[in-house]
Each structure stands twice: as C-alpha cells, then as structure tokens.
Amino acid sequence: MTIAEQIARIAGTLPESLAREALDFVRFLQARERGEFNDWQNAQTVSLSHVWDNADDEVWNDVPLR
C-alpha cells in the first residue's frame with residue numbers, strides 16, 4: 001500500500017471536521033512544495049529587518065552555531 005493510499009484510508013475514517021482540517025494541511029504542504037510561501041517569508045524579512053538589525057541585538061550576531 002502506498003503512502004497516499006494509507007493517507008486516504010485513514011482520512012476516510014475521520015469525522016468531517018477533522019477530514020476538512022487534514023485537507024487544509026495537505027493543501028498547505030502542496031503550497032509549501034511549490035514555494036508559494038517564499039514570497040511571504042521575504043516580505044516578513046523585509047518588514048522586520050528594522051527589528052532584527054539594531055545595535056542592541058548586535059551581540060547576538062556573533063553567537064556560535066552548533
């Protein structure tokens with residue numbers, strides 16, 4: 001049984017409200033796969049740059065990453 005078949009089988013047992021939520025999540029995954037959220041991420045980066053790039057937070061730029 002493929003993954004898609006397993007998802008369909010399980011989704012078929014859900015109540016309507018949960019099935020609708022599962023469908024919304026699947027659509028979210030499709031949109032993410034197509035890169036539709038990159039535009040939103042870029043817009044957020046631009047709009048928040050004044051918050052992130054300031055003298056008070058400069059110390060965090062040198063924190064070593066694991």
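Read-outs: derived from the displayed coordinates by stated rules, not from any lab. None of these values were measured; they are calculated from a predicted model. Here the Cβ is made from the backbone with ideal geometry for all residues, glycine too, and neighbour counts use every protein chain on show.
Applying 1/(1 + (r/R0)^6) with R0 = 30 Å to the Cβ-Cβ distance of Asn42 and Glu21 gives a FRET efficiency near 0.60. Look at the Cα gyration tensor of region 3-59: its axes a ≥ b ≥ c give a/c of at least 1.5 with a/b over b/c, and that counts as prolate. Placing unit charges on each Cβ (+1 for Lys and Arg, -1 for Asp and Glu) gives the chain a dipole about its Cα centre, and among Ala19, Ala43, Ala55 the Cα reaching farthest toward its positive end belongs to Ala19. Loop-resident GluC sites (Glu not before Pro) (DSSP state other than H, G, I, E or B) in the chain with no more than 13 further Cβ atoms inside 10 Å of their Cβ: Glu36. Taking the Cα centre of region 3-59 as origin and assigning +1 to Lys and Arg Cβ atoms and -1 to Asp and Glu Cβ atoms, the resulting dipole is close to 500 debye.
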